[in-house]
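Remarks on the structure that follows.
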Amino acid sequence: MMMGGGGHGGPGRMLNTETEKPKNAAATLLRFWSYFRPWWYALALTGLLITVATSMQVATAPFIGQAVDCYLLPHATACWYDPVAVVGNQDARLAGLGKLVLVLVGLFMGGSILQGMAFFSMNWAGQHALRRIREDTFAQIHRLSMSYYAQNEAGNVMSRITSDTDTIQQALGFALLSVVSGILQLLITGGLMLTTNWPYALVSLSVVPFMAFATVYFSGQARRAFRKSRQEMGSVNAGLQESIAGVREVQAFNREDESIEQFRRANAANRDANVRAASFTSALNPVLEALGYVAIALVVVIGAISALRGAPLLGTAVISLGTVFAFIQYVQRFNQPIQQIAVLWTNLQSAVAGGERIFGLLDLTPEIVDAPNAQVLPPIKGRVVFDNVSAEYKVGEPVLRGVSFTAEPGQTVAIVGPTGAGKTTIINLIPRFYNVTGGSVKIDGHDVRGVSQASLRQQIGIVLQDSFLFSDTVLSNIRYGRIEASDDEVIAAAKLASAHSFIERLPQGYQTVLGERGAGLSQGQRQLIAIARAALASPRILILDEATSSVDTRTERLIQAAFDQLLTGRTSFVIAHRLSTIRNADQVLMVKDGQIIERGTHDELLTLRGAYHALYMSQFRREEEPAAA
Amino acid sequence: MTRRGGPPGSPPANPGALGRAIRYLGGHKRSATITYSALLVATLAQLAVPILVQNMIDAVTQAGTSLGDRAVAEGLILNAAALILLFAALRGVFSFLQAFFSETTSQGLAFDLRNAIFTKIQRLSFSYYDQNQTGQLMIRATDDVERLRGFIAQGLLMAAQSLLLLIGAMTVLAFTNFQLTLVVLPLLPVALVVFMFFGRISQPLFKVVQQRLSTLNTILQENMAGLKVVKSFARETYEERRFDAAATALMEQQIKVNRTFAFLFPIVFLVAQIGQASILYFGGRQILGGTLDLGAYQKFSLYLVYVFFPLGQLGFVISMMAQASVSAGRIFELLDAKSEITDQPDARTLPPITGRVEFRDVTFRYLNGDPVLQGVSFVVEPGQTVALLGATGSGKTSIINLLPRFYDVSQGAVLIDGQDVREVMIDSLRSQIGLVLQETNLFSGTIRDNIAFGRPDASDAEVIAAAKAAAVHDFAEGFPDGYNTRVGERGVTLSGGQKQRVAIARALLLNPRLLILDDSTSSVDVQTEVNIQQALDRLMHGRTSFVIAQRISTVQSADMILVLDQGRIAASGTHAELLESSPIYCEIYSSQLVDDAASSKAQEEARP
């Protein structure tokens, strides 16, 4: 699928460094913000709603207090809600209480509804941001050069888009909202405490730094552990992916047990990393709760003793027992959001870890990018010039050296040579799947590096050795060559590629849905569809990578005829092992060790009695003789 | 492409699936027991918090009234504080145990489920893979398992904690003030109805979420696999649009789900808060009527928190539960998928075979399609080479797939050494068949690992011998790390020809009596093909071999040629016989010549 031919050892230059990237949470958060920016109004609305909702909820507490101070145990100095009620009779007080309860219900309702709306608008923005993150990641998959995939397992890249975005999704909605709401509650409660008696408030809140420390410590540890577990999850994914792809081999070779054992190990590593993370996340909440009780104990001991001794703290007012009771309430109300924030903090942390990995992928610079001043390649005639081209996948290990040739429009160029000689590299350079390291590849005089990749590749048709089909209808698969083609054009292309008759015999004809990778069709049939796809694209330049080889003999003759038609008037490069193709070629390039060692027509090369002749003698003669016998 | 987003005829929601998943906890009795014991202690301890706080308030109040003896008063306060600290430490320990062991248990459960899924995936028959997509299976093993795990780790625990707290608090309340408790009581069934309602309506919503997620994943999967095709046709924008459409569909569904829960959460909170407000009113009436004192009311309202807090929590659990039961359904749907190919209960071990193969009136169809093989009968004696010829789609691959029992025949029988392949153990059958598939899949690992794939215990000498015979040795030695060179996920760093030779070495090492070659020399250059051809000749020597052949030399040296046409044997015999008797064979044979041979003389001879 990937780099064939001379790609020994694969490219070494490509980065695999995203896991060693500096772990910069601030930068990651900033990146998240950039995804939210288009929906800032939803976030602003969320902020407004949650502020009002939280205030309404906090406001219910003093109203409940007023129920006691005005109606149940009327107390003229403490009652501000309905001072007249203090002197009223029982019935009037009960009526007043009823009204107050209605006010409370109103506040509760308003708070709840606004909170629900805030939840929705937060999620709405979060889902939109997440969609953008997914789309960007997906686009990056295509932007990255072929060389990246020689180095990175697809399963790992997949888990960025699946599990990492999932973690982010969980954090962006509910968790973030709760954290914001919690912080608001803290601010309001802390403000109340400080205005009541600031030295006493400071004593009561003295555990907060410890809480912060515990949160930072445990969540930092957890984050490290989560990062590890996420990596392990990547291997679990890679293992799954590989074994699903290779399940036929696994079963044919009775390898189920070994492969299950292998998966079990990756799976166990993932579990252990998660359990390790859990030891930190599980410790956080109990520690915070315990610190909360320490705060209550402090409030009581300091407050009550100060009250008993009549000794004010730092020259402020003497603490009354009422203040002590109030503070017990405040501290309890303070502890709950802190615990909530801290626990959700680990969710946010793992989202940051997931974000880091995603942004790490997004930040990889593709090796092949359009030049800033890249032009759109105008419709070409198809003159291809290799000028002293060299290429390498690993620095210092050239796979092509000083390759020069010219293919005139409409010519057919056959490339022959042993495995690993560099044939695939040559054809990979024409659509610029890789960059040359020296010299240039020019099409109609345009350096391929100077034009946009899309405009270049749209004019080049490629039939690969491995005919990849999508799990879609036959019609859509052929139409992939030219999306806007009409049904008639698709059918015409199928006829050209001799695919029409077998397609007609499929259960639903052109509307038959193929299985994954074209399952349900034979290899030959898949190839016919791939050829139809290329024919529909009707490119000026055609690249055939040993495409005619695995079709059965009868069909092949039809294909040859189709190709003759397809090749007419197009510049074609064929890596072929069929003598007829080579014989019909305008130019045969004999490649060996990254260089063109012989060139000319079939007949010219034979008379040279060199490498091509030797190849011919060893292979084609051998085939011809028994046939002739 | 979305039409295959769900398995054919998506089964109904699986209400028992969640319960079945929970039963997996049985495999983790120890940690589950610790979890729930710790939970019991920690939760009951929570009920003591109001008492402790009350105790402190009392201590402060008493201290305030016993102004005479400050030391005694301060002692009271310090004691109360010490008590709460001790309590905090104890509750902390149990909370930790509960959280940690819950996480450990759930991770163990996820581990079990993933292993079960993987094992299932490994053993499912080929026909399953003809219908299901990698992306689908992946999502079940990762995302669905994680959702289920999340529920077991947190949701189930929260549910248990909430119910315990709810029951405990209601009991305390009933003992404190029965009349006021009756005011709270009607709220519980209301909450229950709300929960059930949302649980019911959200489950199908979540199901669609998972389906759309699978679709998204399938597109992703396909794009990773078909990367080069996408690049070749410059279809990046098209694929991005497709992905965007799927991502948008997923987003819209997620927003729909969130809209539902944007209703649920406020309703649950509101139910709880209305309860609180009505207690204030009815409690206030009792106070004003003189039947309740303020202290008792305050204690009552403290415990009230322990009724309403769990209610809110249960609302949250409902959403987790709805998701988890959808995921559990999807997981068990896969685990319950019947592998069509399994050992029969009375299956025997196939003894070492001589390699006699018989197809007895075999008819075969994939799924419910038209038959791809019809009434195929032939016998192959040990050591013979059979060449299969025929047009694309004529049934060659199907014949080959029936031998190692990748599929079962629809009618008739396939016999090896006189034994029906369905009556012997699959392992014992397949271990005696060497297979070189058309599309060579290598696994990430070293070249050595890949050669020793079928026999991991093979010695280095054996591996090298196989490598030499398959013409792997030379290029393997050429790598800096030799046989220890790693090949990528799909063997990406090897060329097609090299991969094929590794696959041949892999089959050689098995030293099988029965050999199947599926057109394996297709995607290589001429020189390599010579090498491979020689390797194959060595491989076939002395074994019963089935070859889907394109090569005239193979056909000529075959002991028997089967010419297939639309699922039937159109002709069979040796090259010489068929040249005499079969026009179809002559046509194929001559078309080969037209393509391959130079000599017009040969063409003249071949044409009838």
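Bear in mind that the values in this text are calculations on the coordinates, not laboratory data. From a predicted model like this one, the values you see are computed outputs, not experimental measurements. Neighbour counts are summed over all protein chains in view; Cβ atoms, including those assigned to glycine, are modelled from backbone coordinates with ideal geometry.
Some notes on this structure:
- Label separation (B:ASP293 vs B:GLN54): 1.2 nm, computed from points 7 Å beyond Cα along the C-beta direction.
- Sites A:ALA614 and A:GLN508, calculated FRET efficiency, Cβ-Cβ separation with R0 60 Å, nearest 0.05: 0.75
- For the protein assembly as shown, Cys with no neighbouring Cys Cβ under 4.7 Å: B:CYS586
- Virtual spin-label span in nm between A:VAL318 and A:ASP593, 7 Å along Cα→Cβ: 10.4 nm
- Annotation: lysines with alpha-carbon distance below 25 angstrom to B:LYS299 (same-chain offsets under eight excluded): A:LYS99.
- Per-residue HN-Hα couplings for the range A:368-380 [Karplus 6.51, -1.76, 1.60; θ = phi - 60°; Hz; x = Gly/Pro]: 9, 10, 5, 4, x, 9, 4, 8, 7, 5, x, x, 9
- Under 15 Å, Cβ to Cβ, from A:PRO372 - net charge with Lys/Arg +1 and Asp/Glu -1: -1
- Of the chymotrypsin sites (Phe, Trp or Tyr not before Pro) in the range A:25-95, those whose Cβ has at most 12 other Cβ within 10 Å and which sit in DSSP loop: A:TRP80
- Estimated FRET transfer efficiency when R0 is 35 angstrom, pair A:SER34-A:GLN336 (beta carbons, to 0.05): 0.60
- Distance in nm between pseudo-label sites at B:VAL193 and A:ALA26 (7 Å out along the Cβ direction from Cα): 5.5 nm
- Principal-axis analysis of the Cα atoms of chain B puts helix B:294-335 at an angle of about 10° to the longest axis.
- Angle in degrees between helix B:583-596 and the longest Cα principal axis of chain B, rounded to the nearest 10: 90 degrees
- Separation of the alpha carbons by more than 30 angstrom is noted, of A:LYS592/B:LYS228; B:LYS338/B:LYS499; B:LYS228/B:LYS338; A:LYS394/B:LYS231; A:LYS228/B:LYS468, for B:LYS338/B:LYS499; B:LYS228/B:LYS338; A:LYS228/B:LYS468.
- Arranged from fewest to most other beta-carbon atoms within 10 Å of their beta carbon, A:THR424, B:THR105, A:THR195 become A:THR195, A:THR424, B:THR105.
- Net charge of Cβ neighbours under 14 Å - reference B:LEU47; Lys, Arg +1; Asp, Glu -1: +2
- Computed extension gain for B:ASP474 through B:SER581, at 0.36 nm per residue and net of the alpha carbon distance, reaches 34.1 nm.
- Taking every DSSP beta bridge that has both ends in the protein assembly as shown, the antiparallel portion is near 50%.
- The lysines within cross-link reach of B:LYS256, meaning a Cα-to-Cα straight distance under 27 Å and a gap of 8 or more places when in the same chain, are B:LYS207.
- Paramagnetic label zone (point 7 Å from Cα along Cα-to-C-beta, B:GLN534; backbone N under 20 Å) in the range B:499-519: B:499-509
- The residues neighbouring B:PHE111, those whose beta-carbon lies less than 13 Å from its own, together hold a net charge of 0 under the Lys/Arg +1, Asp/Glu -1 convention.
- Helix A:321-363 and the long axis of chain A differ in direction by around 10°, with both axes built from C-alpha atoms.
- Number of partner chain Cβ atoms within 10 Å, mean per residue of A:60-72: 3
- For the range B:268-355, chymotrypsin sites (Phe, Trp or Tyr not before Pro) meeting the loop criterion (DSSP other than H, G, I, E, B) and having at most 10 other Cβ atoms within 10 Å: none.
- In Hz, Karplus ³J(HN,Hα) per residue of the range B:347-353 (6.51, -1.76, 1.60; θ = phi - 60°; x = Gly, Pro): 5, 9, 6, 6, x, x, 8
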